[in-house]
Amino acid sequence: MEKREVDQEEELAATCLCAPAIALNLSATFPVIKACAGLGALEDGRHVHKQLIQSGLESDVFVCNSLVDMYAKCGSIEDAWSVFNKMPSQDVVTWTVIILGHVKCGQGQKALELFRQMQQEGVQPDSVTFVGVLNACASMVAIEEGRCVHQQIIQRGLESNVFVASSLVDMYAKCGSIEEAQRVFYKMPSRNVVSWTAMILGHCGSIEDAWRVFNKMPSRNVVTWNAMVLGHVKCGQGQKALELFRQMQQEDVVTWTAMILGHVKCGEGQKALELFRQMQQEGVQPDPVTFVGVLNACASLIALEEGRCVHQQIVEYGWDSDVFVVNSLVDMYAKCGSIEDAWRVFNRMPSQDVVTWNAILGGCAMHGHGKEALKHFERMCEEGVQPDDITFICLLSACSHAGLVDEGLRCFALMSTVYGISTKLEHYTCMVDLLGRAGHLQEAENMVKAMPCKPQVAALMALLGACRIHGNMEMAERVAKQILEMEPENATGYVLLSNIYAAAGNRHLCENVERQRKEKGAKKEPGRTWIEVNNEVHMFVVEDRDHPQMIEIHAELQRLSGLMRDAGYVPCTEFVLDDVEEEEKLFHLCHHSEKLAIAFGLINTAPGTPLRIRKNLRICKDCHTSTKFISKIVGRAIMVRDANRFHHFEDGVCSCMDYW
DNA sequence: ATAGGGTTAG
């Protein structure tokens, strides 16, 4: 929606709301309800509704239809239904808006049921109803249902309606049937940008075909260009997407947002924030979706201060009641380690959904607060929020990071029996990680074998990582063999195995694996770590030797290692071979970007300042290797573990405890 | 009323 239009609507809505004593009339009411719907202003909408009741206008069928529509668009489907049910009779518009409402909130199945129900009650669908129902089919990739609807459309002679036909093209394209999409497309008496765009998107599997359709278009607008940019992002051709983006004559908010989100997904949070700044410099107004992308970028960088500024802007723009934005805010604060801020946003929400709770639990997991995660999970259930499969992934990984084996096993069991959630491969993978990290290698391997289908590479990687932590070379070779067969071009398996050989002092085998890796063309991606120090985000790359403070950083690392050894920390595996030169040892000392970042953080911040560290998990595939040195960082404390104990270091003070 | 970008995990 154009900014100016919003302003006018806001003005109208405001005028109406400021004059509660004046009886409303019908013609003035429609634009106000429409304004509330367009702005997603649920509370204002409720207010208008109340006034309508006072004015005795709530029985008018047109008014009721617009109220149902407003509530559905504002995301309160319950209110929409209560208006719907109070109506003496519903017409095609009433049914259509409630169907569209369900499609919008992702309940495609329910939308199709309603479509059947309305016909049973003798109400005939029109072109708008068909558009909504086709949308539902597309969102569920339900091609059979889509074909039935198509039949009905032909029977009613609506196939040449440009809206209906465009939706048909879109539905077939999204369901993966390019042939049927083409058949409808070429039969259309006239085509508009929408039908062309739907065709382009249908060809995104093959970017060459998409280009062919694109080049045939009689005229192109921003949306079509966006589709092409997005097509490249989806095909993993980020560089090409960027080139295309730079070539565009005019970009809109969607183009910028797609670029921002694309960069976040590729682990380029810093670039995403740069794009956001550029976008604003060029005078493009961000919308809620943009903010979701920007908050994701802040979360991925643990950039708390940046995140706070973005939050401020969100409030200024008035997008702080958008459910996606608010959930992203909770997630950002939780990931940045500021659980207090996360709760503050959480408590201000009128109601929290499973995504909000998952964001909180995920934040706990990331920061090693296993016990807290379990406590919050209990509260979540008490509040009547149904946990889903992602909830259990968060819980299990929280248990894994905190070494809570029994609790993890209990959650795993309760998941299907009590909560009726089917165990997915990801849950098994979490369990392999949990058991393996805790040293129950045999149980972890049994878990891999018990998986109902072929294990994910991630599960085997978790097991191999555990073999490295606990120095089991025999199992490591067995697991690595499977990994290298499944993904010979993935460098992580080779790196882990060669680390295990190095730790055992077997230089020959170590070099052998390295040779294999190079033969297969598996490229090691540099591990990267970000740390926020004095409101600035610094990035460290593996084997970085050019940092201006490198001497101090090395000294700090050596001090830490000494401290740990003095406290009885026994490294169970060591990458550094016995016979390497002194200089090479120093090289290994700065091997991990995470170590560099921690040392940098410790020497540049006052005692007591929490360290905010984030590893780029997508790029840094050596996350397993880093767990040996650092188990987790909580505030400023660093936890490491060897075979028997947990060691806890905080500003030069050390405490040890036995575990499992 | 139709087309492009959206929340949580791994």
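So which residues in the range A:178-214 are within 23 Å of A:GLY157 (Cβ to Cβ) and among the hydroxyl-bearing types (Ser, Thr, Tyr), if there are any at all?
A:TYR186, A:SER190, A:SER195
Does the range A:200-212 hold any residues that are out of contact with any His (no Cβ under 6 Å at 6 or more places or on another chain) and either more than 11 Å from DNA strand B (Cβ to nearest atom) or at positive phi (or both), and which are they?
A:HIS203, A:GLY205, A:SER206, A:ILE207, A:GLU208, A:TRP211, A:ARG212, listed by residue number.
Step by step: first the residues of the range A:328-344, then only those that are in a helix (DSSP H, G or I) and surrounded by fewer than 23 Cβ atoms within 10 Å (Cβ to Cβ), then the one that is nearest to DNA strand B (Cβ to nearest atom). Which residue is that?
Step one: filter the range A:328-344 for residues in a helix (DSSP H, G or I), giving A:328-335, A:339-344.
Within this subset, residues satisfying the condition of being surrounded by fewer than 23 Cβ atoms within 10 Å (Cβ to Cβ) are A:339-341, A:343-344.
On the way: A:ILE339: 14, A:GLU340: 18, A:ASP341: 15, A:TRP343: 16, A:ARG344: 17 Å.
In this case the residue turns out to be A:ILE339.
Please go through (1) within 20 Å of the chain's Cα centre (by Cα); (2) on the phi > 0 side of the Ramachandran plot for A:HIS311 and return the number of the only condition it doesn't satisfy.
(2)
Could you tell me which residue of the range A:358-382 is nearest to DNA strand B (Cβ to nearest atom), considering only residues that are in a helix (DSSP H, G or I) and open to solvent by 50 Å² or more (accessible area, probe 1.4 Å)? Reasoning before the result, please.
First, the residues of the range A:358-382 that are in a helix (DSSP H, G or I): A:358-366, A:370-382.
Now restrict to residues that are open to solvent by 50 Å² or more (accessible area, probe 1.4 Å): A:366, A:371-372, A:375, A:378-379, A:382.
Details: A:MET366: 7, A:LYS371: 17, A:GLU372: 15, A:LYS375: 18, A:GLU378: 18, A:ARG379: 16, A:GLU382: 19 Å.
Top of the filtered list is A:MET366.
Output the number of residues of the range A:227-237 satisfying the condition of being open to solvent by 20 Å² or more (accessible area, probe 1.4 Å) and within 14 Å of DNA strand B (Cβ to nearest atom).
Taking the range A:227-237 as the starting set, the residues that turn out to be open to solvent by 20 Å² or more (accessible area, probe 1.4 Å) are A:230, A:233-237.
Next, only the ones that are within 14 Å of DNA strand B (Cβ to nearest atom) stay: A:230, A:233-235.
Number satisfying all stated conditions: 4.
From A:GLY122, A:GLY56, A:GLY108, grab the single residue that is at pLDDT 80 or above and loosely packed, with under 14 Cβ neighbours inside 10 Å. Quick ask: steps written out before the conclusion?
Details: A:GLY56 fails: at pLDDT 80 or above; A:GLY108 fails: loosely packed, with under 14 Cβ neighbours inside 10 Å.
Selected residue: A:GLY122, the only one of A:GLY122, A:GLY56, A:GLY108 that is at pLDDT 80 or above and loosely packed, with under 14 Cβ neighbours inside 10 Å.
Looking at A:VAL355, A:VAL385 in this structure, which one is near DNA strand B (Cβ under 8 Å from one of its atoms) and open to solvent by 20 Å² or more (accessible area, probe 1.4 Å)?
On the way: A:VAL385 fails: near DNA strand B (Cβ under 8 Å from one of its atoms).
The unique qualifying residue is A:VAL355.
Condition check: out of contact with any Ser or Thr (no Cβ under 8 Å at 6 or more places or on another chain) and under 22 Å from A:CYS309 (Cβ atoms). Does A:VAL253 satisfy that? Walk me through it before giving the result.
Working: out of contact with any Ser or Thr (no Cβ under 8 Å at 6 or more places or on another chain): no; under 22 Å from A:CYS309 (Cβ atoms): yes.
For A:VAL253, the condition - out of contact with any Ser or Thr (no Cβ under 8 Å at 6 or more places or on another chain) and under 22 Å from A:CYS309 (Cβ atoms) - is not met.
Starting from residues that are within 20 Å of A:SER351 (Cβ to Cβ) and open to solvent by less than 10 Å² (accessible area, probe 1.4 Å), keep the ones in the range A:296-325 and report whichever is nearest to DNA strand B (Cβ to nearest atom).
So, considering only residues that are within 20 Å of A:SER351 (Cβ to Cβ) and open to solvent by less than 10 Å² (accessible area, probe 1.4 Å), the one nearest to DNA strand B (Cβ to nearest atom) is A:VAL325.
Could you check, for the range A:128-136, whether at least one of its residues is surrounded by fewer than 21 Cβ atoms within 10 Å (Cβ to Cβ), within 11 Å of DNA strand B (Cβ to nearest atom), in contact (Cβ under 8 Å) with a residue 12 or more places away in the chain and among the small types (Gly, Ala, Ser)?
No, the range A:128-136 has no match at all.
Which of the residues that make up the range A:194-208 are open to solvent by less than 50 Å² (accessible area, probe 1.4 Å) and either part of a helix (DSSP H, G or I) or small (Gly, Ala, Ser) (or both)? Spell out how you get there, then give the answer.
First pass over the range A:194-208, keeping only residues open to solvent by less than 50 Å² (accessible area, probe 1.4 Å): A:195-200, A:202-204, A:206-207.
Correct list: A:SER195, A:TRP196, A:THR197, A:ALA198, A:MET199, A:ILE200, A:GLY202, A:SER206, A:ILE207.
Based on what the data block shows, is A:VAL149 assigned to a helix (DSSP H, G or I), within 12 Å of DNA strand B (Cβ to nearest atom) and touching a Leu at 6+ places or on another chain (Cβ under 8 Å)? Spell out the reasoning first.
Details: assigned to a helix (DSSP H, G or I): yes; within 12 Å of DNA strand B (Cβ to nearest atom): no; touching a Leu at 6+ places or on another chain (Cβ under 8 Å): yes.
Spelling it out, it is not the case that A:VAL149 is assigned to a helix (DSSP H, G or I), within 12 Å of DNA strand B (Cβ to nearest atom) and touching a Leu at 6+ places or on another chain (Cβ under 8 Å).
Return a yes/no flag: does the range A:170-180 have any residue that is among the hydroxyl-bearing types (Ser, Thr, Tyr), open to solvent by less than 40 Å² (accessible area, probe 1.4 Å) and free of Cβ contacts under 8 Å to residues at least 40 places away in the same chain. It would help to see each step written out before you state the result.
Taking the range A:170-180 as the starting set, the residues that turn out to be among the hydroxyl-bearing types (Ser, Thr, Tyr) are A:172, A:177.
Subset that is open to solvent by less than 40 Å² (accessible area, probe 1.4 Å): A:172, A:177.
Applying the additional criterion that residues be free of Cβ contacts under 8 Å to residues at least 40 places away in the same chain yields A:172, A:177.
So far as the range A:170-180 goes, yes, one or more of its residues are among the hydroxyl-bearing types (Ser, Thr, Tyr), open to solvent by less than 40 Å² (accessible area, probe 1.4 Å) and free of Cβ contacts under 8 Å to residues at least 40 places away in the same chain.
From A:SER190, A:SER167, grab the single residue that is touching a residue at least 24 places away in the same chain (Cβ under 8 Å), of a type in the set (Ser, Thr, Tyr) and open to solvent by less than 40 Å² (accessible area, probe 1.4 Å).
Details: A:SER190 fails: open to solvent by less than 40 Å² (accessible area, probe 1.4 Å).
Checking each option against the conditions leaves just A:SER167.
Would you please list the contacts, defined by Cβ atoms under 6 Å and residues six or more apart or on different chains, that run from a residue in the range A:363-377 that is in contact (Cβ under 8 Å) with a residue 60 or more places away in the chain to a residue that is outside any helix (DSSP H, G or I)?
A:HIS367/A:GLY337; A:GLY368/A:LYS632; A:GLY368/A:VAL634
Go through the range A:397-424 and report how many residues are loosely packed, with under 15 Cβ neighbours inside 10 Å, among the polar types (S, T, N, Q) and part of a loop (DSSP other than H, G, I, E, B).
1
When A:VAL323 is evaluated against the numbered criteria (1) over 17 Å from A:VAL292 (Cα atoms); (2) out of contact with any strand residue (DSSP E or B) (no Cβ under 7 Å at 6 or more places or on another chain), which criterion, by number, is the only one it fails?
Looking at each condition in turn, A:VAL323 falls short on (1).
Any residue at all in the range A:384-405 that's of a type in the set (Phe, Trp, Tyr), more than 19 Å from the chain's Cα centre (by Cα) and outside the structural domain of A:THR429 (by TED's automatic domain parsing)? Break it down stepwise before answering.
To start, the set of residues in the range A:384-405 that are of a type in the set (Phe, Trp, Tyr) comprises A:392.
Now narrow it down to the ones that are more than 19 Å from the chain's Cα centre (by Cα): none.
No, that holds for no residue.
For the condition near DNA strand B (Cβ under 9 Å from one of its atoms), polar (S, T, N, Q) and either surrounded by 22 or more Cβ atoms within 10 Å (Cβ to Cβ) or not in a helix (DSSP H, G or I) (or both), what is the one hit in A:THR290, A:THR255, A:THR224? Walk me through it before giving the result.
Working: A:THR255 fails: either surrounded by 22 or more Cβ atoms within 10 Å (Cβ to Cβ) or not in a helix (DSSP H, G or I) (or both); A:THR224 fails: either surrounded by 22 or more Cβ atoms within 10 Å (Cβ to Cβ) or not in a helix (DSSP H, G or I) (or both).
Going through A:THR290, A:THR255, A:THR224 in turn, the sole match is A:THR290.
Against the definition (modelled with pLDDT of 90 or more, of a type in the set (Val, Ile, Thr) and out of contact with any Gly (no Cβ under 6 Å at 6 or more places or on another chain)), how does A:VAL310 come out, yes or no?
Working: modelled with pLDDT of 90 or more: yes; of a type in the set (Val, Ile, Thr): yes; out of contact with any Gly (no Cβ under 6 Å at 6 or more places or on another chain): yes.
For A:VAL310, the condition - modelled with pLDDT of 90 or more, of a type in the set (Val, Ile, Thr) and out of contact with any Gly (no Cβ under 6 Å at 6 or more places or on another chain) - is met.
Criterion first (surrounded by 21 or more Cβ atoms within 10 Å (Cβ to Cβ) and within 13 Å of DNA strand B (Cβ to nearest atom)) does A:VAL432 satisfy it?
Values: surrounded by 21 or more Cβ atoms within 10 Å (Cβ to Cβ): yes; within 13 Å of DNA strand B (Cβ to nearest atom): yes.
It is true that A:VAL432 is surrounded by 21 or more Cβ atoms within 10 Å (Cβ to Cβ) and within 13 Å of DNA strand B (Cβ to nearest atom).
Determine, yes or no, whether A:ILE207 is at pLDDT below 85 and either over 17 Å from A:ILE143 (Cα atoms) or charged (D, E, K, R) (or both). Reasoning before the result, please.
On the way: at pLDDT below 85: yes; either over 17 Å from A:ILE143 (Cα atoms) or charged (D, E, K, R) (or both): yes.
Yes.
The values are calculated or read from the model by the stated rules, or taken from the named source; none is laboratory data. Just so we're clear, the structure is a prediction, and the values are computed from it rather than from any experiment. Virtual Cβ from ideal backbone geometry, glycine too; neighbours counted across all protein chains shown. Just the protein is used for accessible areas: all its heavy atoms, side chains included, with ligands, DNA and RNA removed. Shrake-Rupley method; radii C 1.70, N 1.55, O 1.52, S 1.80 Å.
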